[in-house]
1. If you go through the range 19-34, how many residues are out of contact with any Asp or Glu (no Cβ under 9 Å at 6 or more places or on another chain) and either of a type outside the set (S, T, N, Q) or closer than 16 Å to R65 by Cα (or both)?
2. Just the residues that are surrounded by 13 or more Cβ atoms within 10 Å (Cβ to Cβ), of a type in the set (S, T, N, Q) and at pLDDT below 95, please, taken from the range 29-58.
3. In the range 60-81, is there at least one residue being in contact (Cβ under 8 Å) with a residue 40 or more places away in the chain, touching a Gly at 6+ places or on another chain (Cβ under 7 Å) and part of a strand (DSSP E or B)?
4. Just give me the residues in the range 290-330 being part of a loop (DSSP other than H, G, I, E, B) and charged (D, E, K, R), in sequence order.
5. Tell me, please, whether a residue that is under 22 Å from L213 (Cβ atoms), crowded, with 23+ Cβ neighbours inside 10 Å and of a type in the set (F, W, Y) can be found in the range 255-270.
6. If we only count helices (runs of 4 or more DSSP H) wholly inside the range 177-253, which ones have 2 or more residues that are surrounded by fewer than 17 Cβ atoms within 10 Å (Cβ to Cβ)?
7. Considering every residue within the range 147-160, establish whether at least one is part of a helix (DSSP H, G or I), out of contact with any Pro (no Cβ under 8 Å at 6 or more places or on another chain) and hydrophobic (A, V, I, L, M, F, W, C).
Amino acid sequence: MTFSPPTLLNSLSDLLPTDILVVGVAKSTDGPVVTGPALDSTLAEVLTHAAVAIGADGSSDKTWRIPAPEGCAASSVVLVGLGKDAITADTLRGCAGYAALGMSGEHRRVFALPTSSPTDISAVIEGALLGSHRVTKHGATPAPKPPTIAVVGNIAPDVLDSLAAHCEAVWLVRDLVTMPPNFLNPVSFVEAIAERAKDLPLTVEILDEVALLEQGYGGISAVGKGSQNPPRLMVLRYEPSSPSRHVALVGKGITFDSGGLSLKPPTGMVGMKYDMTGAAVMAAATLAAAGMGSGAQITTYLCLAENMPSGSASRPNDVITIKGGKTVEILNTDAEGRLVMADGLEAASALSPDLIIDVATLTGAARVALGERYAGLMGTHDAIAQVQAAAALAGELVWPMPMPSELRAMLASDVADIANVKSGESLGGMLMAAVFLKDFVGTQKSGEPIPWAHLDIAGPAANSSGPFGYTPKGATGAITRTIIGVLMA
């Protein structure tokens, strides 16, 4: 789906007869109240009476649509619930997004929510854009056209450009993740990203299956060798003239995960096209940061493979050598994400950057522990703090989790430096995967551990329930704006 930036309106006098006006209705002890600085007292009162009449109680994640009353130039009015709590930027972002998710058609949507600061206006714009994305269906159905968004309020042009870049990155992630696996594989993925990178200050390196073997990327090679679609490693490099620091990003890009020879059950394979979300997030965040002129040097490793069973696929008990020389005994070919990520982390560590962040739909255990709204966050204290700060500004949910040292002993192998799983062990799966990855994170030139944050996004990457806030059902693009926030800090 193509992207259309929003426009700003000074007041509701700029409404057109075909517009859809979006206003907020809050809960109060006296019933619903429609409010907002763009609404004059007469219109606010009329809309409040209408809200009472139709039972629009102001609950969050609810909308009500009514014909525009006399004196309002729009064609119709959408009332979106603000809830009963204090109105914050997060509230406004979610309300604008939920209203946008529920509207169809090509008419302009004009958002006149109760904003009191540039931060509030930014949140409304961001929510409206995030909620306006639509999935492109394959077949005879024409691709959806992006709606025209307008927001009553004023912010600086550079802030508006930044918001548009953040949201366009999320749209890109959703588009990539939603693509069917017979359309998106490691080769077509790198082609799509390379096309978007060609007009940006980025250098692109792509390692094919031969180069991966020659250069010692044993994890990516082992996971990808069972598929007719060969693996790839894509490296994106952004280097400003005087970088403030060096950030390395690593993304898991399993374009389809059958489980390999440790085959998933049929129902377990549905949705496994989402297993490349980490790579999509890191690619989109890098493109956005480069386009906005981040002060940080960025090196991004997109670790791409399709995990399939065949006569050439990796077997349980195989021993492989990861980039850098450590050996891994594969005990479960369905724990493949950590193998490709190990290669990426070793390559990133060799650069001795100031910070490494990896993002992966790594474990089903993360969904069991944290559900579908929180990303598990593990790593070193300073890196965790940076990600938490960026997530708070973006309104995205992360939850710090431990990496118990005693779990490392459970990954011992008789024939290799480490095993990729503990056979038969079902407890602490998210934590054990992070402990595995930690083995492949290096040290800085000073000898201190490289600050490192690991985000397991197996939960929030895809929303299997109904829409909420600006989050649609299906691919969400979660954590993309958080990563951009770290890069732009």
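The values are calculated or read from the model by the stated rules, or taken from the named source; none is laboratory data. Treat the numbers as computed from the prediction; the structure is a model and nothing was measured. Here Cβ is always computed from backbone atoms with ideal geometry, including for glycine, and neighbour counts include all displayed protein chains.
1. 9
2. T35
3. yes
4. Selection gives R315, D318, K323, K326.
5. no
6. 186-197, 209-214
7. For the range 147-160, residues part of a helix (DSSP H, G or I), out of contact with any Pro (no Cβ under 8 Å at 6 or more places or on another chain) and hydrophobic (A, V, I, L, M, F, W, C): absent.
Each row is one residue, and each column tells you yes or no for (1) of a type in the set (A, V, I, L, M); (2) part of a helix (DSSP H, G or I); (3) assigned by TED's automatic domain parsing to the domain that holds A283; (4) farther than 15 Å from L304 by Cβ.
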{"site": "N332", "(1), (2), (3), (4)": "no, no, yes, yes"}
{"site": "A335", "(1), (2), (3), (4)": "yes, no, yes, yes"}
{"site": "L339", "(1), (2), (3), (4)": "yes, yes, yes, no"}
{"site": "A347", "(1), (2), (3), (4)": "yes, yes, yes, no"}
{"site": "D358", "(1), (2), (3), (4)": "no, no, yes, no"}
{"site": "A369", "(1), (2), (3), (4)": "yes, yes, yes, yes"}
{"site": "R373", "(1), (2), (3), (4)": "no, no, yes, yes"}
{"site": "M378", "(1), (2), (3), (4)": "yes, no, yes, yes"}
